[in-house]
Amino acid sequence: MAGIAAKEERMGKVIAFTSVTLDGVMQSPARPDEDTRGGFEHGGWATPYPDPVMASASAESGSSAGALLFGRRTYEDFYAVWPKRTDDNPFTPVLNNTQKYVASTTLKDPLPWMNSTLLKGEMPQAVARLKADMKKDLVVLGSGTLLQSLMRYQLVDEYILLIHPLVLGSGRRLFPDGGAAATLRLVDSKATTTGVLIATYRPETASSEGKTK
């Protein structure tokens, strides 16, 4: 029994780490041309807001990650930018060297970015197997369509949301109409100097009721 309990304690979590606006938009936070689907014209909305508090939260999430999980669009966007960077950005070696898993029905092996693996089989079963085998966390960056699929199968264990003080009025949202319902429990929050609220939520379950972080 002790061995089983120890194995369960070491199981990693699936963590969604993403930037959103007050009205829930997660589309194209980094660049104007990042994602213009639907005629979206507000790309790059998150760029004025980074500060040391946000950098620390990002570094902490990266240090807990045993691997990163991407959908096809986000993986290709990251690959187009990060491997080519020659500056001293501390996240460049992290992104290059961390194991990356990609959920896609259109990409083929071999994937172009170092340390990248295409998930085989049905996505929910493949992610559940990864989660069971990992001792550290599986962090999902962006990847809205993938995240919404993971939510439907109750595979997201934690949401770290960087909630920006913006209302855009349009754009693809993390929690869209018709998406999976969930009751979330706030376990941590901190504000940055630029007004971003970094809120950590976990899905509420019968076993977690009454517990705090």
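Within the range 163-198, the residues that satisfy the criterion of being touching a Phe, Trp or Tyr at 6+ places or on another chain (Cβ under 8 Å) and either among the small types (Gly, Ala, Ser) or within 29 Å of residue 132 (Cβ to Cβ) (or both) are 170, 171, 184, 185, 186, 187, 195. From the set of residues in the range 178-204 that are modelled with pLDDT under 95 and exposed (fewer than 11 other Cβ atoms within 10 Å of the Cβ), which is nearest to the chain's Cα centre (by Cα)? Out of the qualifying residues, it is 181.
Restricting attention to the range 99-128, the residues that are within 22 Å of residue 63 (Cα to Cα), part of a strand (DSSP E or B) and not small (Gly, Ala, Ser) total 4.
Residue 131 fulfils the conditions (1) in contact with a strand residue (DSSP E or B) (Cβ under 8 Å, 6 or more places away or on another chain); (2) in a loop (DSSP other than H, G, I, E, B); (3) of a type outside the set (A, V, I, L, M); (4) at pLDDT below 95 except for a single criterion, (2).
Taken over the range 35-65, the criterion of being outside any loop (DSSP other than H, G, I, E, B), surrounded by fewer than 17 Cβ atoms within 10 Å (Cβ to Cβ) and touching a residue at least 40 places away in the same chain (Cβ under 8 Å) is satisfied by 37, 38, 52, 53, 64. So is residue 116 under 17 Å from the mean Cα position of the chain (by Cα), without any contact (Cβ under 8 Å) to a residue 60 or more places away in the chain and crowded, with 18+ Cβ neighbours inside 10 Å or not? Taking the combined requirement at face value, the residue satisfies it.
The values are calculated or read from the model by the stated rules, or taken from the named source; none is laboratory data. As the structure is a prediction and not an experimental result, all values here were calculated from the model. FYI the Cβ positions are ideal-geometry reconstructions off the backbone, even for glycines, and counts take in every protein chain you see.
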